[in-house]
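The structure appears below as structure tokens.
The values are calculated or read from the model by the stated rules, or taken from the named source; none is laboratory data. Because the structure is predicted, anything quoted here is derived from the model rather than measured. Neighbour counts run over all protein chains shown; Cβ positions are idealised from the backbone, glycine included.
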Amino acid sequence: MRRVFAALLAVATAISLAFLLLPVAAIFLRVPPGDLIDALGRDVTRDALLVSLKTSAIAHAAVLLIGTPAAYLLARHRFRGRGAVLTLIELPLVLPPAVAGIALFAAFGRNGLLGGELDALGVQIPFTQAAVVLAVAFVESPFYFRGAIAAFEAVDSTLVDAARTLGASPARVFARVALPLAAGGLGAASALALARGLGEFGATLIFAGSLQEVTQTLPLAVYAQFEADFDTALAISALFVIVGALLLVTLKLYGWLRFSSIFRSRFATSTSS
């Protein structure tokens with residue numbers, strides 16, 4: 001019976017791996033590497049890559065800058081309505097991408113909730129790179145919030161309280177105690193959010209359109225090239241796979257380096273004592 005169960009586990013694992021890896025492998029096996037490199041040198045790919053890198057960098061920087069202190073507040077303080085706030089923060093996770101795009105239009109479009117105020121200031125957001133930034137930030141924020149809140153909650157509260165007792169200001173405790181101790185979890189959340197932002201498609205397409213050199217990101221370029229030039233679509237898809245793999249490897253390596261540094265510091269402390 002044990003052997004049968006072990007065999008079932010092995011078969012289930014093999015099927016899962018095959019199902020997940022086969023489509024990814026097919027991207028690289030479908031077209032020779034030389035053709036992929038040539039396709040990556042085309043204008044549509046370079047333009048989409050530049051738009052993706054620019055907008056994702058701006059959106060991610062804004063998410064980190066605003067989301068990190070907000071996550072710290074929600075992790076370290078308990079107040080009435082906290083559960084509702086967390087639910088609202090996570091709400092974009094369950095929204096279909098098309099609904100997210102419509103929601104952004106309803107808020108920032110010409111006839112949207114803030115459309116009149118923005119129009120009076122001469123600001124037009126839809127179908128601009130600003131719309132791409134907003135769409136990317138909207139869909140990636142919940143991923144960072146969830147991980148960042150968990151990272152701050154995992155910080156030993158006695159260390160934070162001790163720093164406050166010694167006279168450190170709240171800002172100093174946040175910057176010198178909480179942030180370094182939560183760095184591993186924050187890094188993981190940041191990588192996950194960045195990967196999600198780079199892969200955003202639906203909300204960007206609806207809210208920003210797909211204008212080459214302006215709002216066409218890598219996912220939109222894949223969609224646009226799917227029928228026009230399948231080799232280019234494969235090349236851009238391969239680029240996505242490589243970027244995702246690099247993010248995962250970086251995350252794994254960062255976690256291992258952080259673990260080893262903590263182990264060495266504790267070993268050195270115990271040896272010196």
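Among the residues examined, Gln212 qualifies as outside any helix (DSSP H, G or I) and either among the acidic types (Asp, Glu) or out of contact with any Lys or Arg (no Cβ under 6 Å at 6 or more places or on another chain) (or both). Here Phe226, Phe207 are screened, and the one residue that is out of contact with any strand residue (DSSP E or B) (no Cβ under 8 Å at 6 or more places or on another chain), part of a helix (DSSP H, G or I) and free of Cβ contacts under 8 Å to residues at least 12 places away in the same chain is Phe226.
Looking at this structure, is Val214 surrounded by fewer than 16 Cβ atoms within 10 Å (Cβ to Cβ) and under 28 Å from Gly109 (Cα atoms)?
Judged against the criteria, Val214 is a match.
No other residue among Phe207, Phe145, Phe138, Phe127 is of a type in the set (Phe, Trp, Tyr), crowded, with 22+ Cβ neighbours inside 10 Å, at pLDDT 90 or above and more than 15 Å from the chain's Cα centre (by Cα) apart from Phe207. Only a single item in (1) at negative phi; (2) surrounded by 13 or more Cβ atoms within 10 Å (Cβ to Cβ) is not met by Ala120, and it is number (2). Ser237 fulfils the conditions (1) among the polar types (S, T, N, Q); (2) farther than 26 Å from Leu21 by Cβ; (3) touching a residue at least 40 places away in the same chain (Cβ under 8 Å) except for a single criterion, (2).
For the condition over 22 Å from Ala61 (Cα atoms) and in contact with a Phe, Trp or Tyr (Cβ under 9 Å, 6 or more places away or on another chain), what is the one hit in Gly112, Gly122?
Selected residue: Gly112, the only one of Gly112, Gly122 that is over 22 Å from Ala61 (Cα atoms) and in contact with a Phe, Trp or Tyr (Cβ under 9 Å, 6 or more places away or on another chain).
Among the conditions (1) crowded, with 18+ Cβ neighbours inside 10 Å; (2) of a type in the set (A, V, I, L, M, F, W, C); (3) closer than 20 Å to His77 by Cα, Val132 misses just one, which is (3).
Suppose we keep only residues that are surrounded by fewer than 22 Cβ atoms within 10 Å (Cβ to Cβ) and among the small types (Gly, Ala, Ser) within segment 148-160. Which one would you say is farthest from the chain's Cα centre (by Cα)?
Ser157
Against the definition (part of a loop (DSSP other than H, G, I, E, B), without any contact (Cβ under 8 Å) to a residue 24 or more places away in the chain and over 22 Å from the mean Cα position of the chain (by Cα)), how does Ala163 come out, yes or no? Here the answer is no, as Ala163 does not meet what is asked. Among residues of segment 174-204 being out of contact with any Leu (no Cβ under 9 Å at 6 or more places or on another chain), assigned to a helix (DSSP H, G or I) and not small (Gly, Ala, Ser), the one that is surrounded by the fewest Cβ atoms within 10 Å (Cβ to Cβ) is Pro180. Looking at this structure, is Ala98 surrounded by 13 or more Cβ atoms within 10 Å (Cβ to Cβ), in contact (Cβ under 8 Å) with a residue 60 or more places away in the chain and part of a helix (DSSP H, G or I)? So Ala98 passes the test. Scanning segment 73-86 finds no residues that are in contact with a Gly (Cβ under 9 Å, 6 or more places away or on another chain) and modelled with pLDDT of 85 or more. Within 30 Å of the chain's Cα centre (by Cα) and under 30 Å from Val214 (Cα atoms), is that true of Ile27? Yes, satisfied.
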